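Structure record follows, encoded as structure tokens.
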Amino acid sequence: MTYNLWMAASLLIVDDEPNLLSMLAAALRHHGFAVSTAVNGRDAIEVTKQQRPDLVVLDVMMPELDGFEVCRRLRAAGDQTPILFLTARESTEDKVRGLTLGGDDYLEKPFSLEELVARAEAILRRAGHNGAAVTFELADLRMDDDAHRVQRGGQEVNLSPTEYKLLRYLLINQGRVLSKAQILDHVWDYDFGGDGGIVETYIGYLRKKIDTTGVNLIHTIRGVGYTLRSP
């Protein structure tokens with residue numbers, strides 16, 4: 001199992017919830033980021049000054065020094081490190097405040113890991129970070145996300161945009177069993193009016209294009225969902 005997602009990028013994650021902080025750090029390291037953590041705003045400022053991360057993933061609602069104040073102090077000191085705010089707040093006023101203070105993006109809790117990774121990558125690209133190419137690999141299956149190419153056993157695989165998006169989601173979550181509802185939410189729009197039948201249909205399309213060598217990577221877990229994993 002291999003991910004090459006912005007392997008040169010360093011992230012600082014700041015959150016006062018230890019369980020969430022630990023989970024996010026482990027997940028982002030698994031996706032190829034170099035990760036440091038801080039549990040409060042004061043530590044976040046010090047670590048940012050010392051380590052100069054490429055991106056700060058910053059919780060807003062923290063005691064003493066909240067995320068907005070951390071951002072304000074960093075910007076006042078001339079520190080332009082990109083900041084991605086994490087918050088449970090839904091107020092438009094809060095979003096505007098965070099972006100006005102100098103934040104680069106805003107992600108509401110609860111969020112998916114895929115969305116967090118996508119937002120982080122987008123901010124890093126806008127900041128001109130020269131990270132590694134975004135590639136996913138499993139066995140002899142390879143996806144080059146920058147070139148939008150897929151190969152199995154060295155042979156080119158031509159996918160429709162939806163098939164590509166579905167395969168990408170499976171690759172990001174390789175080894176995990178994904179329900180039809182999860183796949184619908186992340187591959188199609190959240191307000192998509194269809195049902196699980198479309199997931200079955202597109203899984204079938206993918207199998208006909210990906211699993212043609214006799215070694216199947218796409219597996220059905222009856223009553224649960226689908227997973228992408230080595231035999």
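The values are calculated or read from the model by the stated rules, or taken from the named source; none is laboratory data. Here the structure is a predicted model, which means the values were calculated and not measured. Every residue, glycine among them, receives a Cβ derived from its backbone with ideal geometry; neighbour counts consider all protein chains shown. Note: areas computed on protein heavy atoms with side chains; ligands, DNA, RNA excluded. Shrake-Rupley method; radii C 1.70, N 1.55, O 1.52, S 1.80 Å.
Which of the residues spanning region 52-75 are in contact with a helix residue (DSSP H, G or I) (Cβ under 8 Å, 6 or more places away or on another chain), within 14 Å of Ser10 (Cβ to Cβ) and modelled with pLDDT under 95?
Pro53, Asp54, Leu55
Before we move on, is Gly78 small (Gly, Ala, Ser), crowded, with 19+ Cβ neighbours inside 10 Å and either modelled with pLDDT under 85 or more than 29 Å from Gln174 (Cα to Cα) (or both)?
No, not satisfied.
Could you run through region 150-159 and say how many residues are over 16 Å from Ile218 (Cβ atoms) and either in contact with an Asp or Glu (Cβ under 7 Å, 6 or more places away or on another chain) or touching a residue at least 12 places away in the same chain (Cβ under 8 Å) (or both)?
2
If you take just the helices (runs of 4 or more DSSP H) that sit entirely in region 82-176, which of them hold at least 1 residues that are open to solvent by 20 Å² or more (accessible area, probe 1.4 Å) and at pLDDT below 85?
92-100, 113-126
Is it true that some residue in region 16-25 is modelled with pLDDT under 85 and either in a loop (DSSP other than H, G, I, E, B) or open to solvent by 30 Å² or more (accessible area, probe 1.4 Å) (or both)?
no
Has region 206-217 got any residue that is at pLDDT below 90, part of a helix (DSSP H, G or I) and out of contact with any strand residue (DSSP E or B) (no Cβ under 7 Å at 6 or more places or on another chain)?
No, that holds for no residue.
For residues that are part of a loop (DSSP other than H, G, I, E, B) and at pLDDT 90 or above, scanning just region 28-51, find the one that is least open to solvent (accessible area, probe 1.4 Å).
Applying the filter and picking the extreme gives Asn40.
With respect to the numbered conditions (1) crowded, with 17+ Cβ neighbours inside 10 Å; (2) part of a helix (DSSP H, G or I); (3) at pLDDT 85 or above; (4) under 15 Å from the mean Cα position of the chain (by Cα), which one is the sole condition not fulfilled by His186?
Unmet condition: (3).
Is there any pair linking a residue in region 206-231 that is touching a residue at least 60 places away in the same chain (Cβ under 8 Å) and more than 18 Å from Phe136 (Cβ to Cβ) to one that is among the β-branched types (Val, Ile, Thr) and part of a strand (DSSP E or B), with Cβ under 9 Å and at least six apart or on different chains, and which?
Note: pairs meeting the criteria are Thr212/Val157.
Counting just the residues of region 52-81 that are among the aliphatic types (A, V, I, L, M) and part of a loop (DSSP other than H, G, I, E, B), which one comes out nearest to Asp16 (Cα to Cα)?
Step by step, filter region 52-81, then rank; the result is Met62.
Quickly run through region 5-57 and pick out the residues that are over 16 Å from the mean Cα position of the chain (by Cα) and charged (D, E, K, R).
The answer is Asp15, Asp16, Glu17, Arg42, Asp43, Glu46, Lys49, Arg52.
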